[in-house]
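The values are calculated or read from the model by the stated rules, or taken from the named source; none is laboratory data. Just so we're clear, the structure is a prediction, and the values are computed from it rather than from any experiment. Positions of Cβ are generated from backbone atoms using ideal geometry, with glycine treated the same way; all protein chains shown enter the neighbour counts. Quick note on the areas: whole protein, heavy atoms, side chains included, nothing else; ligands and nucleic acids left out. Shrake-Rupley method; radii C 1.70, N 1.55, O 1.52, S 1.80 Å.
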Amino acid sequence: MYLTQGLQRAWQRHPDKIALCEAGEAGGPGDLGGPRRPQAGALTFAELLARIGGHAAALHARGVRAGDRVALLSPNNGALVAQLFACWWLGAVACPLNLRWSVPELRHALDDCGARLLLVDAAMAGAAAELHGAAPVLPAEALAAEGRTLAPVADTRTGGDALAAILYTGGTTGRAKGVMLSHANFWCAAMTRGAELNNSPDSVTLLVAPLFHVAGLGRLIGQSLVGGTCISMPQFRAGAVLRAIEQHGISDIIVVPSMLQSLLDDPGFDAARVRSLARIAFGAAPMPPDLLDRALLAWPEAEFFQAYGLTETAGAVCINLPANHRPQARASGRLASVGRAGLGAEIRIVDEHGVELPRGAVGEIVVRGPMVTRGYWGQPEATAQAMRDGWFHTGDGGRMDEQGYLFIADRLKDMIISGGENVYPAEVEAVLRSHPAVAAAAVIGVPDRRWGEAVFAVLVLREPSASAAQEALREELIAWCRSRLAGYKIPRGVAFVDALPLSAAGKVLKTQLRATHGQALPARPESKP
């Protein structure tokens, strides 16, 4: 179980097949299951392995050895893919950094992991200049140039429990935690996912999810293990993604629902030109049924599935299979589920003492299995808090039905306690999104003098409206919720915004919403939860 094994196998089986290409380069579906040979830029498996070996030689010449941490600051591109595999080729630990972090946050991560070297893409040169002294900086172009002059070093085939990556979670509040993931963690996560959802070596995947997040990195690893083709894209832009699907014959993509909506809403969307897309994975947020229906019409033959996982589980541990997303399966209610425990994973719902709860009760989701992290780098107390009695405590609230289907309630830290009652924002958000005027919704708790916390909704409308119309709509939305939710779950306040703040992974940044909208609501004697 070593992460370079898939590349070695692909090189042996089909060295001239395209392994890696950057979106926008010439090419289309070819006889070898990937894009035909573009004019420039794409790499066959033979060429990719040679480049990785050269990069590894350059890193070795600069003193990088097995177990050393190498930080990477780059958008998704072919160079970053080669750098990641060069680290694993040497047995070093890859530490890809979040491009959205501030300089102090980046500096903290570099200090925390004790990076031997920081590899920097030209696009991030400005940030790197401000990180002087945090770690030796090497531009990606210099690494490539040095690699071309050196004889490739042999693959160490480091694997098993050896550390492969440190992925940082958080970073906007408090101390970011470095999640330690081994070669075996990634391998098991990829193999168990592939066992339930066949990942064909003929597939062409679009790497648009950032590689500094586990979803993007896991997709790269899974695709490399089967010898499939990867097309890299530096950031999500709906029009560019649609062009890449058509041009490169993309068959496999990971999105969050907001991304899928952007694709369908794009003026250039033409279903006939993107029919190559055969598998669409989504997560991070619930999928609105009306959006799924639009997507099913656009890609009637595609498999849609939802996945649930965390950085600490190296990817998905729960999969809601395609059959549950078809209209005929809606009556089962499983569209709202993230599925059942994946192969190799155990999942339970427990109370605050770690005792398993009856089916249907809401509690904390805990997980164990070979894909689960060994802990947090340099933070033994945080590790001990998360890893208790052999189970990883996710911090997510959820419930499980009698058939083992898992339903996410919300992050426990996002749970609102109003008048002693628990309110899970995801439930209120789903009701608000079901209103025809609402395009996106986020719910937070705000201080309330009487009830401790009150429910507050931040909404994006499908069509802009004047202030007077918004006031009328505000009352209409509260009435909409009142007819569908218990009284204590109804928003006490509603704000309209042009867009919700999103992380690089497409998740709503509720910390920013609390900072902007989290002031106490005025006391109203007649209000009650």
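The modelled label-to-label distance between GLN379 and ARG100, using points 7 Å beyond Cα along the C-beta direction, is 1.8 nm. Its relative contact order, with pairs defined as Cα atoms under 8 Å and 6+ residues apart, puts the stretch 136-250 at 19 percent. Phi-derived couplings, Karplus 6.51 cos²θ - 1.76 cosθ + 1.60 at θ = phi - 60°, listed residue by residue for the stretch 145-161: 5, 5, x, 6, 9, 10, 6, x, 8, 6, 5, 6, 6, 5, x, x, 7 Hz, with x used for Gly and Pro. Counting only DSSP beta bridges with both residues in the stretch 174-323, the antiparallel share comes to about 30 percent. What fraction of the DSSP beta bridges in the chain is antiparallel, stated in percent and rounded to the nearest 5? Among the beta bridges of the chain, antiparallel pairing accounts for roughly 60 percent.
Helical runs assigned H by DSSP (4 residues or longer) give the chain a calculated mean residue ellipticity at 222 nm of -9000 deg cm²/dmol, each run adding -39500 (n - 2.57) before division by the residue total. Contact order for the chain, expressed relative to its length and based on alpha carbon pairs under 8 Å spaced 6+ residues apart, stands at 11 percent.
Annotation: amide H-H contacts under 5 Å for ALA454 (H modelled 1.01 Å from N, sequence separation of 5 or more, or interchain): VAL446, ASP448.
How big is the charge dipole of the chain about its Cα centre, in debye rounded to the nearest 20, if each Lys and Arg gets +1 on its Cβ and each Asp and Glu gets -1 on its Cβ?
It comes to approximately 220 debye.
Under 5 Å between amide hydrogens, built in the peptide plane, is the criterion, and for SER232 it picks out CYS21, GLU22, ALA23, LEU207 among residues at least 5 positions away or on other chains. A dipole drawn for the chain from +1 and -1 charges on Cβ atoms has a positive end, and of THR44, PRO152, VAL438 the residue lying farthest that way is PRO152. Our coupling estimate for the stretch 202-211, obtained by passing each phi through the Karplus curve with A = 6.51, B = -1.76, C = 1.60 and θ = phi - 60°, is 7, 6, 10, 9, 9, 8, 10, 5, x, 6 Hz, Gly and Pro reported as x.
Across the stretch 79-85, coupling constants 3J(HN,Hα) worked out from phi with the 6.51/-1.76/1.60 Karplus curve, θ = phi - 60°, read 4, 5, 4, 5, 5, 4, 5 Hz, and Gly and Pro carry x.
Per residue, the accessible area of the stretch 378-432 comes to 45 Å² when a 1.4 Å probe rolls over the protein heavy atoms. The spacing between the stretch 391-405 and the stretch 282-357, judged by their C-alpha centroids, is 12 Å. Across the options ALA495, LEU110, THR373, the greatest Cα extent toward the positive end of the charge dipole of the chain (unit charges at beta carbon of Lys, Arg, Asp, Glu) belongs to THR373. Between the stretch 359-375 and the stretch 185-227, what's the alpha-carbon centroid distance in Å? Cα centroid of the stretch 359-375 versus Cα centroid of the stretch 185-227: 22 Å apart. Residues whose amide H falls under 5 Å from that of LEU461, counting only those 5 or more places apart or on a different chain, are ALA439, VAL497, with hydrogens built in the peptide plane. DSSP assigns beta bridges within the stretch 113-184; of those with both partners inside it, close to 65 percent run antiparallel. The ARG62 and ASN198 beta-carbon pair, evaluated with R₀ = 45 Å, returns a calculated FRET efficiency of approximately 0.65. For the stretch 261-370, averaging the sequence separation of C-alpha pairs within contact (under 8 Å, six or more residues apart) and dividing by the residue count gives a relative contact order of 17 percent. Count Lys and Arg as plus one, Asp and Glu as minus one, and take only other residues whose Cβ is under 12 Å from that of ALA442; the net charge is then +1.
Helix 289-298 and the long axis of the chain differ in direction by around 40°, with both axes built from C-alpha atoms. Under 24 Å of direct C-alpha separation, and excluding same-chain neighbours fewer than eight residues apart, LYS177 reaches these lysines: LYS413, LYS507, LYS510. Length available on full extension from GLN235 to GLU141: 0.36 nm per residue minus the Cα-Cα distance, which gives 31.8 nm.
Which of the three applies to the stretch 293-449, rounded, prolate or oblate, going by the alpha-carbon gyration tensor with a ≥ b ≥ c and a/c under 1.5 meaning rounded? Cα axes put the stretch 293-449 in the oblate bin. The solvent-accessible area of MET259, taken with every protein chain present and a 1.4 Å probe, is close to 30 Å².
For the pair ARG243 and ARG514, label points projected 7 Å from Cα toward Cβ lie 4.1 nm apart.
Each of LEU297, GLY333, ALA314 was placed along the dipole of the stretch 231-354 (beta-carbon charges, centred on the mean Cα), and the one lying farthest toward the positive end is LEU297.
Taking the longest Cα principal axis of the chain as reference, the axis of helix 467-482 is set at about 80 degrees.
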